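K.L.:
Next up is a structure, given as structure tokens.
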Amino acid sequence: MSAYFLGIDQGTTQTTAIVVDETGEVVDQRSTQVPIHFPAAGRVEQDPYAILESVRAVTAPLTARYPITAAGFDNQGETFLLWDRQTGEPLTPAIVWQDKRGEVVCREMADQVDADWLHRKTGLLLDSYFVAPKLRFVFQTRPELRDLARQGRLLLGTTETWTLWQLSRGRLHVTDPSTASRTLLYDINTLAWDDDLLDLFDVPANILPDPVPSAGYVGDVDFGSGRAIPLYALLVDQQAALFGQACFAPGDMKCTLGTGSFLLMNTGDRPYSDAAGLLSTVAWQLPDARAYALDGGVFVAGAAVQWLVEGLHLLPDVAASAEAAFASRHEGVVFVPALAGLAAPHWQTDVRGAIFGLDRGVTAADIVRATLEGVAFRIAEVVHAMVQVAPQAPSVLKVDGGPSANPYLMQFLADLLDMTIQVAAAQEATALGAANLAAYAAGHVDLDVLRARWRPRASYTPRISSARREALFERWQRALAGLRRFHGTAP
């Protein structure tokens with residue numbers, strides 16, 4: 001009998017499930033949108049039941065049609081909720097990773113927390129992006145929930161924890177080290193919830209899920225077809241993409257492009273807590289090994305192009321951006337796309353974007369070009385920061401996600417980095433990573449085979465001189481300096 005592996009990617013705006021056969025080919029897939037709500041400024045929420053139903057909707061037809069050997073499940077990362085241990089009813093919405101309600105907590109705690117200590121222990125920064133500050137805010141503003149937590153009445157979980165708890169009828173309250181490492185409550189050195197961190201954020205230990213290895217049998221789950229499916233893999237989404245891109249060796253690096261861009265570099269069996277402006281995170285825990293990764297997120301990538309379409313009406317659709325950029329004849333425009341601040345490696349979240357070099361000759365095509373180039377510069381900044389501490393100097397950046405189909409962006413990125421850019425052939429690298437990890441954990445394939453199966457859909461090699469590259473970066477640095485002076489953040 002043929003073996004089939006299910007990969008579930010529970011993303012912020014979409015849930016996708018794929019079926020991979022024993023040769024590694026994607027034979028079927030389903031996707032559905034997940035509504036997202038903005039109830040107030042800085043608040044970003046989802047309905048927990050909408051998340052649950054989205055998983056059922058994409059998995060039930062696939063598990064009914066194929067005899068699934070093993071399943072893998074990846075999740076949004078920092079999105080979480082609280083629910084009643086006895087009734088299973090959600091007591092909060094799913095508070096999305098983009099939500100800013102934890103910022104006030106971070107400001108209050110800034111003088112109380114040794115940032116170096118926090119970074120060494122968690123690999124992270126004190127930032128509302130992560131779970132703990134938002135959770136502390138919930139407990140401060142809804143003390144009845146804190147009381148219920150202390151009484152053992154609540155459970156905490158990210159989106160995969162919530163979904164699996166519901167689908168297993170309360171038998172599974174689990175997460176994995178890669179997801180736990182995004183909470184600010186988990187020591188990435190010991191791979192365990194940390195009492196000092198729990199005390200710092202006033203979180204009772206009894207609400208936390210059990211961390212299980214990323215690869216290994218977790219339990220049987222009915223995803224909606226009435227059949228029990230063995231679950232063998234759990235990962236956070238970006239680490240799933242890292243695995244799906246076959247980045248198994250130290251120095252292997254990938255960039256997933258979507259609303260933002262998310263870069264991870266495999267650093268092997270130890271975290272790098274001294275990398276300036278970068279986070280360190282658990283990549284995965286296998287039965288006989290663990291891997292860490294450097295993490296550099298950029299808040300705005302595809303969102304900048306979407307803004308050109310929806311906000312400025314400069315393009316009919318996102319796909320038209322490459323043609324417009326190739327048509328541009330004006331090289332003097334620079335756009336710093338800090339529409340939601342500057343994340344890695346700057347971490348200046350209060351600044352906003354700016355366009356430099358405008359004159360009467362500038363056209364819409366020139367602004368489109370500057371936008372794509374600005375996205376590439378932000379990615380290149382993160383790559384350069386990673387290369388400074390890389391265990392091995394990378395020569396290739398693997399890329400996936402919607403904007404990776406833009407040839408102007410990919411070629412300009414190759415030129416900036418002086419590095420080959422390989423665009424993954426698999427359209428769903430994240431879900432593929434979950435499926436491949438499940439196949440590996442269930443003993444059906446090894447890492448060498450998965451590495452050999454990986455194929456690029458397109459490759460881009462550098463075409464410009466080193467002098468031209470230096471001139472481009474010098475102009476970019478001037479734009480950054482101008483941006484900082486405007487916001488009063490210049491050193």
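The values are calculated or read from the model by the stated rules, or taken from the named source; none is laboratory data. Quantities reported herein were computed from a predicted structural model and do not represent experimental measurements. Note: ideal-geometry Cβ built from the backbone for every residue, glycine included; neighbour counts use all protein chains shown.
K.L.:
Against the condition at pLDDT 95 or above and closer than 18 Å to residue 199 by Cβ, how does residue 131 come out, does it pass?
P.N.:
In short, yes.
K.L.:
Here is a check on your reading of the model: is residue 147 charged (D, E, K, R), free of Cβ contacts under 8 Å to residues at least 60 places away in the same chain, over 19 Å from residue 91 (Cβ atoms) and surrounded by fewer than 23 Cβ atoms within 10 Å (Cβ to Cβ)?
P.N.:
Against the criterion (charged (D, E, K, R), free of Cβ contacts under 8 Å to residues at least 60 places away in the same chain, over 19 Å from residue 91 (Cβ atoms) and surrounded by fewer than 23 Cβ atoms within 10 Å (Cβ to Cβ)), residue 147 does not qualify.
K.L.:
A further question follows. Checking the condition out of contact with any Phe, Trp or Tyr (no Cβ under 9 Å at 6 or more places or on another chain) and over 28 Å from residue 241 (Cα atoms), which residue from 353, 302, 361 passes?
P.N.:
So the residue among 353, 302, 361 that is out of contact with any Phe, Trp or Tyr (no Cβ under 9 Å at 6 or more places or on another chain) and over 28 Å from residue 241 (Cα atoms) is 361.
K.L.:
Something else about it: Is there a residue in segment 139-147 that is modelled with pLDDT of 95 or more, aromatic (Phe, Trp, Tyr) and in contact with a Gly (Cβ under 9 Å, 6 or more places away or on another chain)?
P.N.:
No, the conditions are met nowhere in segment 139-147.
K.L.:
While we're on this one: Do we have any residue at all in segment 233-254 that's over 30 Å from residue 384 (Cβ atoms) and touching a Ser or Thr at 6+ places or on another chain (Cβ under 7 Å)?
P.N.:
Yes, that holds for at least one residue.
K.L.:
Checking the structure you have, find out if any residue of segment 342-355 is crowded, with 22+ Cβ neighbours inside 10 Å and not in a loop (DSSP other than H, G, I, E, B).
P.N.:
Yes: segment 342-355 contains one or more residues that are crowded, with 22+ Cβ neighbours inside 10 Å and not in a loop (DSSP other than H, G, I, E, B).
K.L.:
Applying the selection to segment 435-491, what residues are of a type in the set (Val, Ile, Thr) and assigned to a loop (DSSP other than H, G, I, E, B)?
P.N.:
Answer for segment 435-491, where residues must be of a type in the set (Val, Ile, Thr) and assigned to a loop (DSSP other than H, G, I, E, B): 445, 461, 464, 489.
K.L.:
Something else about it: Name the residue that is surrounded by the most Cβ atoms within 10 Å (Cβ to Cβ), counting only residues in segment 308-326 that are under 19 Å from residue 410 (Cβ atoms) and among the small types (Gly, Ala, Ser).
P.N.:
321
K.L.:
On to the next question. It is to be established whether one or more residues within segment 226-238 are closer than 24 Å to residue 452 by Cβ, touching a Lys or Arg at 6+ places or on another chain (Cβ under 8 Å) and either among the aliphatic types (A, V, I, L, M) or touching a residue at least 60 places away in the same chain (Cβ under 8 Å) (or both).
P.N.:
Looking through segment 226-238, none of the residues is closer than 24 Å to residue 452 by Cβ, touching a Lys or Arg at 6+ places or on another chain (Cβ under 8 Å) and either among the aliphatic types (A, V, I, L, M) or touching a residue at least 60 places away in the same chain (Cβ under 8 Å) (or both).
K.L.:
Could you figure out which of (1) basic (Lys, Arg); (2) surrounded by fewer than 19 Cβ atoms within 10 Å (Cβ to Cβ); (3) touching a Lys or Arg at 6+ places or on another chain (Cβ under 6 Å) isn't true of residue 329?
P.N.:
Failing condition for residue 329: (3).
K.L.:
Can you spot a residue in segment 187-196 that is among the small types (Gly, Ala, Ser) and in contact with a strand residue (DSSP E or B) (Cβ under 6 Å, 6 or more places away or on another chain)?
P.N.:
No, segment 187-196 contains no residue that is among the small types (Gly, Ala, Ser) and in contact with a strand residue (DSSP E or B) (Cβ under 6 Å, 6 or more places away or on another chain).
K.L.:
Within segment 313-341, can you find the residues that are without any contact (Cβ under 8 Å) to a residue 12 or more places away in the chain and in a loop (DSSP other than H, G, I, E, B)?
P.N.:
Listed by number, the residues that qualify are 313, 316, 317, 331.
K.L.:
A further question follows. In segment 2-43, which residues are assigned to a strand (DSSP E or B) and hydroxyl-bearing (Ser, Thr, Tyr)?
P.N.:
Of everything in segment 2-43, those that are assigned to a strand (DSSP E or B) and hydroxyl-bearing (Ser, Thr, Tyr) turn out to be 4, 15, 16, 31, 32.
K.L.:
Still on this structure, please answer the following. Just to be sure I understand, how many residues within segment 244-288 are more than 17 Å from residue 344 (Cβ to Cβ), in a loop (DSSP other than H, G, I, E, B) and either within 18 Å of the chain's Cα centre (by Cα) or hydroxyl-bearing (Ser, Thr, Tyr) (or both)?
P.N.:
5
K.L.:
Let me ask you something else. Is it fair to say residue 91 is under 21 Å from the mean Cα position of the chain (by Cα), under 23 Å from residue 171 (Cα atoms), assigned by TED's automatic domain parsing to the domain that holds residue 134 and of a type in the set (A, V, I, L, M, F, W, C)?
P.N.:
no
K.L.:
Condition first: of a type in the set (Lys, Arg), surrounded by fewer than 20 Cβ atoms within 10 Å (Cβ to Cβ) and touching a residue at least 60 places away in the same chain (Cβ under 8 Å). Now tell me which residues in segment 242-301 satisfy that.
P.N.:
290 - this is the single residue of segment 242-301 that is of a type in the set (Lys, Arg), surrounded by fewer than 20 Cβ atoms within 10 Å (Cβ to Cβ) and touching a residue at least 60 places away in the same chain (Cβ under 8 Å).
K.L.:
Among 233, 205, which is within 19 Å of the chain's Cα centre (by Cα) and of a type outside the set (S, T, N, Q)?
P.N.:
The conditions single out 233.
K.L.:
Is it the case, given these coordinates, that residue 191 is in the same structural domain as residue 169 (by TED's automatic domain parsing), under 27 Å from residue 442 (Cβ atoms) and touching a Gly at 6+ places or on another chain (Cβ under 8 Å)?
P.N.:
Here the answer is no, as residue 191 does not meet what is asked.
K.L.:
State which residue is surrounded by the fewest Cβ atoms within 10 Å (Cβ to Cβ) when the search covers only segment 190-225 and only residues that are under 18 Å from residue 171 (Cβ atoms) and of a type in the set (Phe, Trp, Tyr).
P.N.:
217
K.L.:
Just need a number here: residues in segment 397-434 that are touching an Asp or Glu at 6+ places or on another chain (Cβ under 6 Å) and either outside any helix (DSSP H, G or I) or not aliphatic (A, V, I, L, M) (or both).
P.N.:
The qualifying residues number 3.
K.L.:
While we're looking at this one, here's another question. Under 8 Å by Cβ, and 6 or more places apart or on different chains, what pairs join a residue from segment 177-193 that is closer than 15 Å to residue 135 by Cα with one that is of a type in the set (Phe, Trp, Tyr) and part of a helix (DSSP H, G or I)?
P.N.:
Correct list of pairs: 184/201; 185/201.
K.L.:
Among the residues of segment 356-371, are any under 26 Å from residue 294 (Cα atoms), in contact (Cβ under 8 Å) with a residue 60 or more places away in the chain and out of contact with any strand residue (DSSP E or B) (no Cβ under 6 Å at 6 or more places or on another chain)?
P.N.:
no
K.L.:
Which ones in segment 163-179 are over 20 Å from residue 225 (Cβ atoms) and surrounded by 24 or more Cβ atoms within 10 Å (Cβ to Cβ)?
P.N.:
175, 176, 177, 178, 179
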